[in-house]
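Any read-out appearing in this document is the output of simple, stated calculations on the displayed coordinates, not a laboratory observation. Worth saying up front: this structure is predicted, and the values here are computed from it rather than measured. Cβ placement follows ideal geometry from the backbone for every residue including glycine, while neighbour counts extend to all protein chains displayed.
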Amino acid sequence: MAALKEKLLIIDDEPKLLQSLKILFEEEGYDVSLADCGAEGERMFRADDFGLVLTDLMMPDISGVEVLKILGQIDPEVPIIMMTAYGTVETAVEAMKLGAIDYLLKPFTLDEISIKVKRTLESFKIKRENKRLKEQLKKYEERWISPVYESSTMKKIFSDALDIAKSDLTVIIEGLSGVGKEVVARYLHYHSNRNDKPFVVVNCTVLSEGLIESELFGHEKGAFTGAFKLKLGKCEVAEGGTLFLDEIGELPAAVQAKLLRFLQDHQFERVGGTKTITTNVRVISATNKNLEEEVTHNRFREDLFYRISVVPINIPPLSERRDDIEPLVKYFFDRAIGRRASPVRAISTDAIVYLKRYPWPGNVREIENAIERAVILGRKDELDENDFSFLKVRSAVMSADNDNDISLSRNEKRFIDKALKMTNGNILKAANLLEISRTTLYSKIEKHEIDITAYSDV
């Protein structure tokens, strides 16, 4: 499909100039409209969408300045270039103050006006794209500023969060994977007096012991092999804002000690450095582990635990706040169809009823993934229960006789065993059933000392 031509409107009372510009710009691929006076230019501008306007300054009916004022009131986003003769430069400059993007002195060459128009359109294309991205970012941030929930439990959590946000106390957000811990953390940040400063996330599970220290505190050039230049740590990057430590229970012991000092006096040294750096950040942590139990087993420092858990927030799983399921389904559905090329435009009542009954062991993240998957694979204009049949397969894997506890964290060895049996030990298929990555499944198999070879003949 051919790209749409950029539309130009040229307003001038010189017929020869109009025709010359029309020929020039049509040869360059533009869609050109001509007006021989200001009033005609206004009429055409109101009737169509133009990407750029070229207008003469001196015209017999109304001046280019008046045209500029009128067009600016109709659509202030459209760039306007003023064309003017020698001796009226001051007027042209005044016109720019009123909103013209640029001006050209007559007589000008065709090359001059061609370059001017091309550069102006390119510049405004970038500005429009930036505006679009900012609008998308605003919508993205609205998810954090205005979270989706209906249950009384979450209403209480977010009501309390408004008061907690006003302080600089350290907060620990507890809950299973996917319940929305980062949503609450961002909500705290955006409702605090730090909301004009960075919100910086560190995922403590994805980096090795050596790299997590560098990620948090930075390193000096030459501090270790591969440290070719100075790197600022997230503690510095978050200056004035909020540092969110996701899954803090995974931090290695050595890094826990350094983090404790940072929380106590907001000071640290970069890896390989001797200079003490002081920063002003608020720390919010999150964990899906029982840190008190980790302390008992000497896997987490007791003093660090008390330092990060001044204000605890516990987010229950979706199975305990089922009133949130329907609004979350509708939210993720609207978002999915808004950014995916799909024939799907609605979700049926029976699908919503089924989704409300499903246990959602993966919590909010699982809802998001399930809706995205159904929309991408949907072939009808409306999703029904059958479009979520993949959830039924997973539900069968997760089900346990006489056991209503379907939490993956508490029963993962049993769930993994079921998935491996159903797939004859196929790691990829088992991971898909459990809706986790192969890497994660391998690590859990190693954690529970599961013999994968025992499933090949099942």
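With angles folded into 0 to 90 degrees, how steeply does helix 181-190 sit against the dominant principal axis of the chain? Use alpha carbons for both and round to 10. Value to nearest ten degrees: 50.
Just report the Cα centroid separation between the range 158-213 and the range 59-73, whole Å. Answer, in whole Å: 53. Angle of helix 152-165 to the longest C-alpha principal axis of the chain, folded into 0 to 90 degrees and rounded to 10: 70°.
In the chain, the longest principal axis of the Cα atoms and the axis of helix 325-339 are about 40 degrees apart. According to the Kirkwood relation over distinct C-alpha pairs, the hydrodynamic radius of the range 7-130 is 14.3 Å. For the chain, the dipole from Cβ point charges (+1 on Lys and Arg, -1 on Asp and Glu) about the Cα centre works out to 1080 debye, to the nearest 20.
Dividing the summed helix terms, -39500 (n - 2.57) for each DSSP H run of n ≥ 4, by the number of residues in the chain produces a 222 nm estimate of -15000 deg cm²/dmol to the nearest 500.
Per-residue 3J(HN,Hα) values for the range 228-241, derived from phi via the Karplus relation 6.51 cos²θ - 1.76 cosθ + 1.60 with θ = phi - 60°, read 7, 8, 4, 10, 7, x, 5, 5, 7, 4, 7, 2, x, x Hz in sequence order (x marks Gly and Pro). FRET efficiency for the pair D163 and N369, taken as 1/(1 + (r/R0)^6) with r the Cβ-Cβ distance and R0 = 30 Å, rounds to 0.35.
Over the chain, all Cα pairs binned in 10 Å intervals from 0 give whole-percent P(r) values of 4, 15, 18, 17, 15, 14, 11, 5, 1, 0, listed from short to long. Judged by the mean number of other Cβ atoms found within 10 Å, the most tightly packed of the peptides 44-50, 447-453 leads the ranking 44-50, 447-453. Filter the chymotrypsin sites (Phe, Trp or Tyr not before Pro) in the range 195-256 to those in DSSP coil with at most 12 other Cβ atoms within 10 Å of their Cβ, and list the result. Here the sparse-neighbourhood loop sites are F224, F228. In the structure shown, the pairs K392/K418; K181/K418; K7/K131; K289/K392; K5/K106 are assessed against 22 Å; a Cα-Cα span above that value is assigned to K181/K418; K289/K392; K5/K106. If R0 equals 60 Å, the separation of the Cβ atoms of L260 and Q73 corresponds to a calculated FRET efficiency of about 0.50.
Using all pairs of distinct alpha-carbon atoms, the Kirkwood hydrodynamic radius of the range 149-316 works out to 16.4 angstrom.
Residues L383, L104 in ascending order of nearby Cβ atoms (within 10 Å, fewest first): L104, L383.
Less than 5 angstrom separates the built amide H of L383 from those of R345, A346, I347, S348, all sequence-distant by 5 or more or on a different chain.
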